[in-house]
Structures are given as structure tokens and as C-alpha cells.
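Here's the structure, in C-alpha cells; my notes come after.
The values are calculated or read from the model by the stated rules, or taken from the named source; none is laboratory data. Please read these numbers as outputs of a predicted model, since none were measured by experiment. Neighbour counts are summed over all protein chains in view; Cβ atoms, including those assigned to glycine, are modelled from backbone coordinates with ideal geometry. Quick note on the areas: whole protein, heavy atoms, side chains included, nothing else; ligands and nucleic acids left out. Shrake-Rupley method; radii C 1.70, N 1.55, O 1.52, S 1.80 Å.
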Amino acid sequence: MDLRSDTVTRPTPEMRRAMAEAEVGDDVAGDDPTVNRLEATAAEFIGKEAALFVPSGTMGNLCAILVATRPGDALVCGHLTHSAEYEGGAPAAVAGVSVRFVPLTPDGVLLPEHVQSGITPDNVHHPRTTLVILENTNNRAGGTCTTRAQTEALADLCRSRRLWLHLDGARICNSAVRQGVPPAELAAPADSVMFCLSKGLCAPVGSILAGSAAFISEARRKRKMLGGGMRQAGVLAAAGLVALTRMVDRLAEDHEKATRLADGLAECPALELNRALVQTNMVYFALRSKRAAAETMAAALSARGVLCYAAGDRIRLVTHHDVPVEHIPLAIERIRRCAEELA
Ligand SMILES: Cc1ncc(COP(=O)(O)O)c(C=O)c1O
């Protein structure tokens, strides 16, 4: 049972067929018809003027940071935001941008007043704050959702302070499905948005960066600079098209699996788990006794065939397409036994 991440999903048979049959060309020259179709489809899907196919979410976020900032600037984001904490220090290392982390609400929402507290004063001593990054769903908070209204509130602040609002929507489709709204609705207030095809949507490779035509034209230059200009990338884009058109609605099944998992684990007295944070496809829990480190428990679970990651002092489980629903009771039972042994 591989519950480490939704990134472990493999391409579906339909994707493999589409990949084998994809029409291709040199995408750096703009000649790949399948990439062009994916970018047009993705732009419409996410409600932006233009879109760019990038090899990874990390590169999509970095292209956005490079377009929205200049070296020496600062960006503001929530505690443990992926693009600042889990992408190799790229904002500092590549874009020359310092990161100002601000708190999130307990349910993983970035509020304007928190962002406000992270914005540097406008004088010669400080870096210029030029960018805010919002993550929806928020991974480390638990796969939690931010609403359109909450995003609007951030966008209002950004407009009034002349800050770029970038949405790391790696799992925006999970958020949209959970909230019963189109992904474009959640992305509308943001200046740019990145979302991943290679996570719950099962494509083998790739993410989308979207925004205005002028923004994407600049982002395309940054992608090339970073080595992300791909040639016959239509082979990958073909799977991305299947991801976008066939795999979004079924994310509800992944959420249902996570809910069942959380319901089962919440009944284990040895475990600590906040049910309110289980909103999409992630379940975080900890050993109540804290006698064993999260890494110890993750290793013990993996040895029992329940692959998972430790995240700080908790364990993270992620449900996805390749976890059959019948495995959920089995996972609960193995985790319960393991927790009792370690408690
Ligand atoms: C919230 C979030 N943003 C960005 C990324 C980066 O995506 P990639 O692994 O494709 O670089 C991830 C990856 O897990 C993520 O969880």
C-alpha cells in the first residue's frame, strides 16, 4: 500500500495509449501540436489567458517567482509553504529572493492580516516585498482548502500593496472537487497559478503554469533558462490532456478513501488526529504518547507494507487512484497494531 504521496500514481492505460499515438513536434520552436493543445485546454480549464507546460510543479513555481520578482526582493507565504520550504531553497538560490514565512490559521488558511505582518516597510533598509504565494490545497496543513472568498481577500490586499499573487495550486483540483466549484473559480483572484498533472491526476510528468499572455511569454523565457524547454514533449502532454479531461472528477473517490482512513484511525486511542483537517486526500496523524519519533513509526509502517512519510512530528498518508478502496481497512488495521506496539 503506497500511501507516501499521490505523486506515485502511474499513467492509466488510456494515458499510455494517448502517449503512444501523440502527434509531436519541437515544442521549443512552438511546433508540437499536442503541447499546444494541452496549453490551450489548460488555459481554458483554469480560466487564464495563457498557459505553459512545465516539467514539474517546482519549475512552474520558480518561473512564476522569477517573473514576479527581482533579485533582492522578498516574498511572503504561509508557514512551511512548499515552494519556499521543499523546493531546494530555489527562491533564494535561483531568484535571489528572501522568504518571509507568516502563520496560517489552524485549518491552513493564509489570512490577509498575516500576510500584512510579513510585508516589509518601504524604506532603504529592507528588501522590497513583491510577491505573495498561496498554497491551495495546503499540503503541510493537511491538504486543506482555501475558498474563493478567502483568495479574493488576499488578492485585494495584494492589489492595494502592489504585490503579485501566485497560487501554488499543485492540488487545486482536489480543492475544487471538495468545494464543488470549478478550479478556475479558485484561481480567478490570483495573478498566476501553477497546478500539477502528475499528482492525483495520474499523468507521469508535468505541471501547468497559467496567467496573462504577457506573463506566460516571460515565463516561457524563464523555463528555457532553467533548462525546461522540452522538444517532442507531446508524448507527455498527451497524458496531461487525459489527466485534465478524464481524471478530475474522480478525485472525489480519493477524498472518500481519506475520510474512511481518518474515521478508522480516529478510533485508535494510541493515535492523535484532527478530523477537521482531513478535507481532501491527505491524512496526518501522530502517536499520542510521543514515545517514538514519527520517522520510527514511518519506518515500522513501511516494514509492514504501509508506505508513508514522516512530516515533522506527524505521519502523512495520501490516498490516490492506485490505492484500491479495499486496502483502506487493511491499512487501518496495520497502523492500529503498529501504534499499539510503539505506544
Ligand atoms: C503544494 C506543492 N507544490 C508544489 C509541488 C512541487 O511539484 P513537483 O514535485 O512536480 O516539483 C508539490 C509536490 O509535492 C506540492 O505538494
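Using a Förster radius of 51 Å, what is the FRET efficiency between GLU340 and MET225 based on their Cβ-Cβ separation? Nearest 0.05, please. Before the final figure, lay out the partial values.
Numbers: r = 53 Å, r/R0 = 1.04.
Taking R0 as 51 Å, the efficiency between GLU340 and MET225 is 0.45.
What is the pair-distance distribution P(r) of the range 16-158, computed from all Cα-Cα distances in 10 Å bins starting at 0, with each bin given as a whole percent?
11, 33, 32, 17, 6, 1
With charges only on Cβ, +1 for K and R and -1 for D and E, what is the dipole size of the chain about its Cα centre, in debye, rounded to 20?
Numbers: 37 positive and 39 negative charges, 114 e Å.
It works out to roughly 540 debye.
How would ASP31, ASP107, ASP322 line up by accessible area, probe 1.4 Å, largest first? Mind dumping the intermediate values first?
Numbers: ASP31 95, ASP107 70, ASP322 45 Å².
Ranked from most to least accessible, the order is ASP31, ASP107, ASP322.
222 nm [θ] for the chain, helices only, -39500 (n - 2.57) per DSSP H run of 4+, per residue, to 500?
Roughly -12500 deg cm²/dmol at 222 nm, from the helical runs in the chain.
Once you have the Cα-Cα distance between ASP122 and PHE101, take 0.36 nm times their residue separation minus that, and quote the gain in nm to one decimal. Walk me through the numbers before you get to the answer.
Details: separation 21, 0.36 × 21 = 7.56 nm, distance 1.83 nm.
So the chain would gain 5.7 nm between ASP122 and PHE101.
Counting heavy atoms of the protein chains only and a 1.4 Å probe, report the per residue accessible area for the chain as a whole number of Å².
Working: 14090 Å² over 343 residues.
Ligands and nucleic acids excluded, the result is 41 Å² per residue.
What FRET efficiency comes out for GLU23 versus THR296 if R0 is 41 angstrom and r is the Cβ-Cβ distance? Round to the nearest 0.05.
My answer for the efficiency is 0.20.
State to the nearest 20 debye the size of the charge dipole of the range 251-342 about its Cα centre, where the only charges are +1 on K and R beta carbons and -1 on D and E beta carbons.
Using only the charged Cβ atoms, the result is roughly 320 debye.
How big is the antiparallel share of DSSP beta bridges in the chain, given as a percent to the nearest 5?
Expressed as a percentage, antiparallel bridges in the chain total about 50.
Each residue of the range 107-123 in order: what ³J(HN,Hα) in whole Hz does its phi give by Karplus 6.51 cos²θ - 1.76 cosθ + 1.60, θ = phi - 60°, with x for Gly and Pro?
These are the phi-based 3J(HN,Hα) values: 9, x, 9, 8, 9, x, 5, 6, 4, 3, 5, x, 6, 6, x, 8, 8 Hz.
Farthest toward the dipole's positive end in the chain, which of CYS308, THR146, SER198, given Cβ charges of +1 (Lys, Arg) and -1 (Asp, Glu) about the Cα centre?
Going by the charge dipole, the pick is CYS308.
For the range 106-263, with all protein chains present and a 1.4 Å probe, just round the carbon and sulfur fraction of the accessible area to a whole percent.
Roughly 50 percent of what the probe reaches on the range 106-263 is carbon or sulfur.
Per the Kirkwood treatment, what hydrodynamic radius in Å, one decimal, follows for the chain from the mean inverse distance over all distinct Cα pairs?
20.6 Å
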